[in-house]
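Below is one structure; the comments refer to it alone.
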Amino acid sequence: MSGPQFLHLQSYSRKPNKIGQSVQQVLDEAAREPEFSQHVANPESPNLIYGLTPKQVRLKHDEIVASGHVDATLADGTVARRGIRKDRHTLLTAVASYPMLTSQVTQGSADRDGYERWIELNISWLNQTFGDRLVSIVEHVDEEHPHIHAFILPLGDASCSARHLNPAWQVKEEAEALARKSGKPAKKAVKLGDRAYRARGRELQDQYFHEVGLPAGLTRVGPKRERLSREQWKQRKEQARRDADLLSQMSARVESLVDAEAKFDADADQKALELIEKLGRAKALFEEAISAKGEADEEAKLIFRRAESDSAAMTRRARAELSEQTKELERRSSELHSARDAFEREKQTVLHETVLRAASVTARVLIGVLTGNVLFDDRRSELQFDDPKLAQDVARLEIAPIVQQAVVLVSKVWTRLTGLLSVPDVKNERERQAEVLKPMARPPSRGMEP
């Protein structure tokens, strides 16, 4: 089962950065050139899945950089044309990694279809985001996780600025410019720009999740980011799979409606052609009748009038049918939206009631500890219940480990407390604490069997 999504955008210049990355290094690593593939145990040539090879990208990059320029204003006010500096970022890359092992998505494996669907969604999203500036996508399957590299060039931009291809960088510069224009100090303007950059970056990740991660059954983040337990993480991944299935079903139903509408349009066109043919035949009969005399002329006119009447009636019927079909399509679309909204409301209700029931059962267990109806076994490894229904509720909700920790804590505190009180005081304290817990032990108003 898939895990969290991963997408990273970064731009590079011809001049290596602090860790040695440059346009040449990035493209040669993608092409699996030996000098830049030492981190891979058994390097394999990349699979080209869109556009140019990494070597062709390098040639295209060098071509646009050689023909590019920037205009610089000199001290005397004149404008001089300069070539592209080596430290200008001239290549934007996008890296997306699939959260399963490469061995799990080989040809013929059970998870292969999901992986190929993820590839298609990535190609579509990258095309929509970067348009014809997306020049290449390659796939690597020689590392632990399969992943893709996308390369975007600043085509049509004489300044060859790849940073401005990153939507987050565009927002950063706009925010800084607006801050300076409004009189903010330089440091404050930069800080506001960085804040806008991070916000737009999160929006971009959210967009990628809704258009790629969610349909592919991935989660937005991993378990460590939200400090989830293994069981919670399994539930989160299962929910992501169910959401992806539901989205796929809804998409299929919408496609079915679109196909039905297209078929109806085709039928309407066919009926229109039939009407035209009938009108043409009527006109031909009329033209033949013109040459006749007397009753033949009147008969031809009558035939023509009937043909026009029939044509008008058929047109009205066709329009009425089109109107009814349109209303039906709108009704079905409304039902789809209503069903989705109802699903979301039911999901929230079920989650809320599950939490309330778990709290209720936990309170009943603590009351049992105080009244002696819940005890540990001889090895103190498992709880024993006098009330079978309580034991059944704990098992159904799968909260035994959590309840057991609570019982251990309460038992320790209770033991220390009772050691300080007389027997009557212990009895009174037990009854008082049980009364405090009773309201919490009441089940939620709308019951739910787990």
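Kindly check whether there is at least one residue in the stretch 76-85 that is of a type in the set (K, R), surrounded by 11 or more Cβ atoms within 10 Å (Cβ to Cβ), over 37 Å from the mean Cα position of the chain (by Cα) and not in a strand (DSSP E or B).
Yes; the residues of the stretch 76-85 include at least one that is of a type in the set (K, R), surrounded by 11 or more Cβ atoms within 10 Å (Cβ to Cβ), over 37 Å from the mean Cα position of the chain (by Cα) and not in a strand (DSSP E or B).
Just one of L336, L329, L322, L302 is of a type outside the set (S, T, N, Q) and without any contact (Cβ under 8 Å) to a residue 40 or more places away in the chain; which is it?
Result: L302 is the single residue among L336, L329, L322, L302 that is of a type outside the set (S, T, N, Q) and without any contact (Cβ under 8 Å) to a residue 40 or more places away in the chain.
Right, R117: surrounded by fewer than 17 Cβ atoms within 10 Å (Cβ to Cβ) and in contact (Cβ under 8 Å) with a residue 60 or more places away in the chain or not?
The answer is yes for R117.
Tell me, yes or no, whether the stretch 158-176 has at least one residue that is in a helix (DSSP H, G or I), more than 25 Å from the chain's Cα centre (by Cα) and not charged (D, E, K, R).
Yes.
L121 fails exactly one of the following numbered conditions: (1) touching a helix residue (DSSP H, G or I) at 6+ places or on another chain (Cβ under 8 Å); (2) over 29 Å from E211 (Cβ atoms); (3) not hydroxyl-bearing (S, T, Y). What is the number of that condition?
Status for L121: all satisfied but (2).
F376 passes all but one of (1) modelled with pLDDT under 75; (2) loosely packed, with under 15 Cβ neighbours inside 10 Å; which number fails?
For F376, the failing item is (2).
Counting only residues that are touching a residue at least 24 places away in the same chain (Cβ under 8 Å) and part of a helix (DSSP H, G or I), which one in the stretch 50-64 is surrounded by the fewest Cβ atoms within 10 Å (Cβ to Cβ)?
The residue in question is K55.
Given the structure, is L91 in contact with a Phe, Trp or Tyr (Cβ under 6 Å, 6 or more places away or on another chain), modelled with pLDDT of 95 or more and assigned to a strand (DSSP E or B)?
For L91, the condition - in contact with a Phe, Trp or Tyr (Cβ under 6 Å, 6 or more places away or on another chain), modelled with pLDDT of 95 or more and assigned to a strand (DSSP E or B) - is met.
Of everything in the stretch 135-147 that's among the aliphatic types (A, V, I, L, M) and surrounded by 23 or more Cβ atoms within 10 Å (Cβ to Cβ), which residue is nearest to the chain's Cα centre (by Cα)?
Per the criteria, the residue is I137.
One residue is enough: does the stretch 28-49 have a residue meeting the conditions under 24 Å from I123 (Cα atoms), of a type outside the set (V, I, T), in contact with a His (Cβ under 6 Å, 6 or more places away or on another chain) and not in a helix (DSSP H, G or I)?
Yes, the stretch 28-49 contains at least one residue that is under 24 Å from I123 (Cα atoms), of a type outside the set (V, I, T), in contact with a His (Cβ under 6 Å, 6 or more places away or on another chain) and not in a helix (DSSP H, G or I).
Every residue in the stretch 124-138 that is touching a helix residue (DSSP H, G or I) at 6+ places or on another chain (Cβ under 7 Å) and either part of a strand (DSSP E or B) or over 12 Å from L165 (Cα atoms) (or both), please.
Across the stretch 124-138, the qualifying residues are W125, L134, V135, S136, I137, V138.
The values are calculated or read from the model by the stated rules, or taken from the named source; none is laboratory data. The shown structure was predicted, so the numbers you read here are calculated from the model rather than taken from an experiment. Methodologically, a virtual Cβ is constructed for each residue, glycine included, from the backbone with ideal geometry; neighbour enumeration extends over all protein chains shown.
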